[in-house]
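Structure first, then comments.
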Amino acid sequence: MNKPIVALVGRPNVGKSTLFNRLTGDRKAIVDEIPGTTRDRLMSDADWAGRPFYVIDTGGIDPSMGGKTPLSIGSADFIVEIKEQAAIAIADADTILFVVDAISGVTPADQEVAEILRRRQKLVDGILTPPILLVVNKADSKTFREEAYQFYELGMGDPFPLSSIHGTGTGDMLDALVATFPEDLETEEDDSVKIALVGKPNVGKSSLLNRLVGEERMIVSDIPGTTRDAIDSKIEFDGIPVTLIDTAGIRRRGKVDVGVEKYSVLRSMRAIERADVALLLIDAIEGITAQDAHIAGYILEARKSCVVVVNKWDAIEKDTHTMVEFTEKIRNDLNFMDYVPLLFISAKTGQRLEQVMPMALKVQEERLARMTTSSLNRIIQHVQDLHTPSRAGRVFKMYYGTQVRSDPPTFMIYCNEPKLAHFTFIRFIENTLREEYPFTGTPIFFVFKKR
């Protein structure tokens with residue numbers, strides 16, 4: 001079952017980013033006293049009582065500004081975009097945390113946001129969906145916690161007073177949050193290889209899917225966001241059952257120039273979560289963008305295998321150096337995924353399309369591959385002979401290792417002190433291992449354990 005998605009929604013400067021950091025345990029969201037700092041939706045993993053879920057941090061909604069008055073100096077251009085990103089998060093969320101500010105009390109903007117949320121809820125089997133929890137943030141003192149009753153006037157049920165900075169009250173809120181999640185349902189057994197086509201809008205995902213499926217199953221258009229939902233297509237390739245997942249782009253509402261491609265990330269994440277292999281499509285005309293790298297990062301975080309597919313290659317004026325230069329650019333921008341294969345295709349003309357499915361299935365095979373313990377330990381010994389890191393006079397020693405799982409390949413290495421295994425040294429181990437066992441397109445992971 002897919003992880004539930006929880007969206008943090010509210011007017012600017014109520015502490016959504018601080019709450020995001022509290023729930024996810026990281027510092028991905030920028031925290032600033034200036035209202036409107038969070039302009040992009042961010043998504044990260046969280047867990048409570050053994051229930052994993054995604055958390056989305058949204059830009060603040062302030063309906064009273066109507067897109068005319070800036071939230072802060074220099075942010076006027078982002079008002080409409082912030083509203084749209086929040087609207088998309090609301091549309092795709094399983095549960096919403098409506099965040100308000102205990103210090104400010106109930107404001108007209110809070111009331112308008114509450115009305116927006118109510119309008120977006122739907123009655124499904126007698127239950128309002130998605131469920132909304134009212135979070136009264138910045139309730140750092142007993143006085144603020146006791147005065148949280150004033151937020152009942154928003155008509156959003158019981159308020160949960162808490163402090164995102166100190167963590168006070170978050171446990172009660174999280175207990176109520178996970179109670180809104182559906183129970184795990186038994187899913188029908190599906191042994192097919194699941195391949196997700198991901199990328200920003202209008203890179204040709206639907207065109208590629210139609211070519212692979214062999215029929216015009218998806219609507220193909222030059223308008224970004226024609227595909228609204230993730231749709232599965234079942235095919236068989238060389239006797240192997242395959243499920244192709246085409247992810248939705250998001251149609252822009254009005255003219256929003258800044259960051260409109262970011263809207264594709266949320267639904268791409270859900271497709272990535274279900275997939276074994278992700279085909280990351282890049283537009284050859286635009287070249288690789290920050291958003292492409294952003295989606296690639298999500299693929300890596302989800303521990304999925306990947307093939308980078310550069311589409312619309314027919315539209316590029318080429319010489320003998322074009323492909324080499326393009327490859328170098330992608331390798332540089334995706335240096336954290338230097339193990340992924342690159343394909344240059346045209347879904348429109350059919351150029352090199354015959355390489356896509358064989359490469360995706362090869363990557364899936366590599367994902368399931370296992371190394372013998374003797375081979376792994378020979379490589380570990382070789383690495384140690386080449387380089388032995390040390391810190392504060394302590395030398396890092398590896399004793400032996402074993403592959404503890406595949407899908408993706410994960411290795412347990414027993415050592416004298418795991419803290420001495422620096423990131424750069426781990427990359428050195430990985431690069432040395434891949435020289436002999438490439439694990440093409442598949443991330444590999446190391447766990448260091450003290451003997």
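Descriptive notes on the structure:
- The stretch 341-428 - Rg over Rh from alpha carbon coordinates, Kirkwood radius: 1.18
- Efficiency of FRET from Cβ geometry, residue 146 and residue 285, R₀ 45 Å, rounded to 0.05: 0.15
- Dipole axis of the stretch 266-419 (+1 Lys, Arg; -1 Asp, Glu on Cβ), positive-most option in 299, 311, 382: 382
- Accessible area of residue 444 (1.4 Å probe, protein heavy atoms only, ligands and nucleic acids ignored): about 10 Å².
- For the stretch 271-325: rounded, prolate or oblate by the Cα gyration tensor [a/c cutoff 1.5]: prolate
- With 22 Å as the limit, the listed pairs 329/419; 3/312; 205/304; 194/362; 205/348 have 329/419; 3/312 beyond it between alpha carbons.
- Chain lengthening between residue 374 and residue 352 when straightened (0.36 nm per residue, less Cα-Cα): 4.0 nm
- The phi-based Karplus calculation (6.51 cos²θ - 1.76 cosθ + 1.60; θ = phi - 60°) puts the 3J(HN,Hα) values of the stretch 173-182 at 5, 5, 4, 5, 5, 5, 5, 7, 6, x Hz, whole numbers, x for Gly and Pro.
- Spin-label proximity, residue 168 to the stretch 2-19 - amide N less than 17 Å from point 7 Å beyond Cα toward beta carbon: 15, 19
- Taken one residue at a time, the phi angles of the stretch 306-313 give Karplus couplings (6.51, -1.76, 1.60, θ = phi - 60°) of 8, 10, 8, 10, 8, 9, 6, 5 Hz. Gly and Pro are set to x.
- Taking amide H positions as modeled 1.01 Å from N, with prolines and chain starts lacking one, the residues under 5 Å from residue 411 and 5 or more places away or on another chain are 404, 445, 446, 447.
- For the stretch 127-167, the fraction of 1.4 Å probe accessible surface lying on carbon and sulfur atoms is 57 percent.
- Share of carbon and sulfur in the accessible heavy-atom surface of the stretch 383-441 [1.4 Å probe, %]: 52
- Beta-bridge orientation, the stretch 325-451: approximately 60 percent antiparallel, per DSSP, counting only bridges with both partners inside.
- Approximate spin-label separation residue 190-residue 325, in nm, with each point projected 7 Å along Cα-to-Cβ: 4.2
- Distance between modelled label sites at residue 106 and residue 386, nm, 7 Å Cα→Cβ extension: 6.6
- When the Cα positions of 372, 339, 349 are compared along the charge dipole of the stretch 329-385, 349 comes out farthest toward the positive end, with charges on each C-beta of Lys, Arg, Asp and Glu.
- Residue-by-residue Karplus 3J(HN,Hα) for the stretch 401-409, coefficients 6.51, -1.76, 1.60, Hz, glycine and proline x: x, 8, 7, 8, 6, 10, 6, x, x
- Dipole magnitude of the stretch 132-194 about its Cα centre (Cβ charges: Lys, Arg +1; Asp, Glu -1), debye to nearest 20: 700
The values are calculated or read from the model by the stated rules, or taken from the named source; none is laboratory data. Nothing here was measured: the structure is a model prediction, and the numbers come from that model. As a convention, Cβ positions derive from the backbone with ideal geometry for all residues, glycine included, and neighbour counts pool all protein chains shown. Side chains included, ligands, DNA and RNA excluded: accessible areas come from the protein's heavy atoms. Shrake-Rupley method; radii C 1.70, N 1.55, O 1.52, S 1.80 Å.
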